[in-house]
Amino acid sequence: MTDMKVVIIGAGNMGGAIARGLAQGHYVRVQDITVTNPSMPKLEKLKAEFPAIQVSTDNHEAADADVVIVAVKPWKVEEVLKPLRLRQPQVLVSVAAGMTFEDLAHFVDPEMPMFRIIPNTAISLRASMTLIACRNASEQQTLTMLDLFNEMGLAMLIEEKQLAAATSLTSCGIAYVLKYVQAAMQAGVEAGIRPKDAMKMVAQTVEGAARLLLENEDTHPALEIEKVTTPGGITIKGVNSLEHDGFTSAVIKAIKASI
């Protein structure tokens, strides 16, 4: 537990998810987390879930924060940041997709430590894949940011130029995985399985597949597929059917389309 004070500007889907993830962790004390938003309903909902969290409709709460997380739409960033006059040793963390470090430097002290992060919505369950890029940050500040977001899933430090492609794999990618789950559920229902049962079956199967890859550095999807595709078996028939229908191509096209 640290004495770090964190302000999250924006209580929308992503800002609220980050707030919930932080509040459930052990790196920042809940009472040291402040969330700001123009209106109260979302703040009141957060306060009901985590009574110790601080909420406000005034963004100037960020003036005394060690870390300021900006979780607003890209076109709102300038309007939000310029009046605050953030400067080092404060740390700026931007969740605004497409806003580069050069863009952000026009709204704050250009020499202050900055991080761009791309989580996905599973951060509210502390299960996000969070991408992190940094500028002007010390090694300790970078390690702190990795520790902060590793507590909410898995965080990975990458170069800013890789963010667009990686965002398609992770932030957009969670929707593509859920689309597979939805499709598999539909097949299960057609085969006579109740929808909720089918959802649990497929969701647990997806989680199991992910753990096979995450917990074994020496494996690869092809190796795991090979283990369950016995000659003449039912799985290889299904895998081949996916390939015949363009499954791999469809996934690649979807990811490239969202970069």
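Total residues in the stretch 155-171 satisfying the condition of being crowded, with 17+ Cβ neighbours inside 10 Å and touching a strand residue (DSSP E or B) at 6+ places or on another chain (Cβ under 7 Å): the figure is 6.
Taken as a whole, the stretch 193-212 holds no residue that is open to solvent by 30 Å² or more (accessible area, probe 1.4 Å) and in contact with a strand residue (DSSP E or B) (Cβ under 9 Å, 6 or more places away or on another chain). Within the stretch 20-121, which strands (runs of 3 or more DSSP E) (wholly inside it) include 3 or more residues that are open to solvent by less than 20 Å² (accessible area, probe 1.4 Å)? So the answer is 33-36, 67-70, 91-94, 114-118.
Quick check on GLN54: is it over 30 Å from SER168 (Cα atoms) and free of Cβ contacts under 8 Å to residues at least 60 places away in the same chain? Against the criterion (over 30 Å from SER168 (Cα atoms) and free of Cβ contacts under 8 Å to residues at least 60 places away in the same chain), GLN54 qualifies. The lone criterion from (1) of a type outside the set (Ser, Thr, Tyr); (2) open to solvent by 40 Å² or more (accessible area, probe 1.4 Å); (3) without any contact (Cβ under 8 Å) to a residue 12 or more places away in the chain; (4) farther than 18 Å from VAL91 by Cα left unmet by ALA127 is number (3).
Are any residues in the stretch 150-177 among the aliphatic types (A, V, I, L, M) and over 24 Å from LEU22 (Cα atoms), and if so, which ones? ALA164, ALA165, VAL177, listed by residue number. With respect to being among the hydrophobic types (A, V, I, L, M, F, W, C), more than 24 Å from LEU154 (Cβ to Cβ) and surrounded by 11 or more Cβ atoms within 10 Å (Cβ to Cβ), VAL177 falls outside the description.
Please name all residue pairs, on different chains or six or more residues apart, with Cβ atoms under 6 Å, provided the first residue is in the stretch 239-251 and is exposed (fewer than 12 other Cβ atoms within 10 Å of the Cβ) and the second residue is assigned to a helix (DSSP H, G or I). Here the result reads none, with nothing in the stretch 239-251 linked to a residue that is assigned to a helix (DSSP H, G or I). Annotation for the stretch 140-154: at least one member residue is among the polar types (S, T, N, Q), open to solvent by 60 Å² or more (accessible area, probe 1.4 Å) and over 16 Å from the mean Cα position of the chain (by Cα).
A count restricted to the stretch 155-178 and to residues that are more than 14 Å from the chain's Cα centre (by Cα) and of a type in the set (Ser, Thr, Tyr) stands at 1.
The number of residues in the stretch 213-226 being open to solvent by 90 Å² or more (accessible area, probe 1.4 Å) and under 28 Å from GLY153 (Cα atoms) comes to 5.
The values are calculated or read from the model by the stated rules, or taken from the named source; none is laboratory data. Since the structure is predicted, the reported quantities are computational estimates derived from the model, not experimental observations. Positions of Cβ are generated from backbone atoms using ideal geometry, with glycine treated the same way; all protein chains shown enter the neighbour counts. Heavy atoms of the whole protein, side chains included, go into the accessibility calculation; ligands, DNA and RNA do not. Shrake-Rupley method; radii C 1.70, N 1.55, O 1.52, S 1.80 Å.
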